[in-house]
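Let me begin by presenting the structure, written as structure tokens, before commenting on it.
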């Protein structure tokens with residue numbers, strides 16, 4: 001069962017944390033999350049699942065930034081969320097989808113207990129100009145049945161930045177025990 005907007009608001013500060021929260025962005029059964037002012041792109045020609053990939057950061061200027069087809073852009077939400085006893089999910093807003101912008105390629109499904117910013121896997125069908133702060137996607141919440149074991153991950157839990165894939169840490173057990181601190185090619189993670 002999906003929570004209503006009123007139920008989302010009623011659970012704020014308990015099972016649901018959305019920071020910052022703006023009541024104007026509350027919908028009948030979801031909440032609109034905004035796009036942070038920076039993107040990340042991979043610099044590798046071929047991405048290798050077993051290796052970290054170099055990334056480049058792109059600031060979104062006030063006049064907007066044109067995204068081009070054939071390029072994956074990683075972004076993140078302005079809002080940090082935390083969810084307990086519920087399954088959080090994100091979807092692109094229909095108004096954004098109608099402009100040909102996919103907000104997540106596969107990772108719209110969250111886990112009970114996730115804390116952090118949502119990394120967005122953005123892909124444009126055609127050239128599109130985007131802006132920082134625009135409501136880009138919506139988060140909604142499902143009830144869950146049965147015993148709950150909250151999400152535990154040294155990769156993505158409590159993230160403070162856009163998160164490129166850290167799949168290589170699963171495929172190479174000799175990697176550091178704390179992949180949050182192992183950012184590819186010496187790029188220092190903000191706050192870490």
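Every number here is computed from the coordinates shown, using simple stated rules; none is lab data. The structure displayed is predicted, hence computed values, not measured ones. Every residue, glycine as well, gets a Cβ built from its backbone with ideal geometry; the counts of neighbours run over all protein chains shown.
Where is the GNM fluctuation largest for the chain (alpha-carbon springs, 10 angstrom cutoff): 67, 167, 35? Its mean-square fluctuation being the largest, the pick is 167. Label separation (residue 10 vs residue 51): 5.4 nm, computed from points 7 Å beyond Cα along the C-beta direction.
Extension gain for residue 84 to residue 115 (0.36 nm times residue separation, less C-alpha to C-alpha distance): 10.2 nm. Sequence-distant contacts, meaning Cα pairs under 8 Å at least 6 residues apart, place the relative contact order of region 1-74 at 26 percent.
Rounded to whole Å, give me the distance from the Cα center of region 1-41 to that of region 45-113. Cα centres, region 1-41 to region 45-113: 16 Å. Which one of 85, 51, 155 has the biggest mean-square fluctuation once the chain is modelled by GNM with Cα springs under 10 Å? Comparing 85, 51, 155 in the GNM, the peak value goes to 51. Sorting 117, 156, 131 by the number of Cβ atoms found within 10 Å of their own Cβ, with the fewest placed first, yields 131, 156, 117.
Among 66, 103, 112, the residue with the largest mean-square fluctuation in a Gaussian network model of the chain, with springs joining Cα atoms closer than 10 Å, is 66. Using the Cβ-Cβ distance between residue 58 and residue 107 with R0 set to 22 Å, the FRET efficiency works out to roughly 0.65.
From most to least packed by mean Cβ count within 10 Å, the peptides 147-154, 69-76, 92-99, 158-165 give 158-165, 69-76, 92-99, 147-154. Full extension of the chain segment joining residue 172 with residue 150 gains 5.4 nm, where the gain is 0.36 nm per residue of separation less the Cα-Cα distance.
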